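Written out below as structure tokens is the structure these notes cover.
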Amino acid sequence: MGKDALADDEKVDIVFPHGGGKCKFDIKVKYNDGDSAEWGDVDLCEYNAITLHWDGKNTTDTGE
């Protein structure tokens, strides 16, 4: 993934458009080892910020 890869515990700010009443997004993260994690139907209009967690098996999210 080169320059777009994040190390453990690093973060990146991504802005999602909220125009036209679109609030719910599916988010997928691909890891260097080939694994991926998915969060479905996340309502980003409910949060100012969201943190995505993946423990190798389960996905969770927490919002502010």
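Every read-out reported here was derived from the displayed coordinates using simple, explicitly stated rules and does not represent laboratory data. Since we're looking at a predicted model, the values are computed, not measured.
If you bin all the Cα-Cα distances of the range 2-63 at 10 Å, starting from zero, the percentages per bin are 17, 53, 27, 3. Most fluctuating residue of Lys30, Lys22, Lys11 in a GNM of the chain with Cα springs under 10 Å: which is it? Result: Lys11 has the largest fluctuation of those listed.
Taking each residue as 0.36 nm, the span from Cys23 to Ala7 lengthens on full extension beyond its C-alpha to C-alpha distance by 2.9 nm. Among Asp41, Asp26, Asp13, the largest mean-square fluctuation in a Gaussian network model of the chain (Cα springs under 10 Å) belongs to Asp13.
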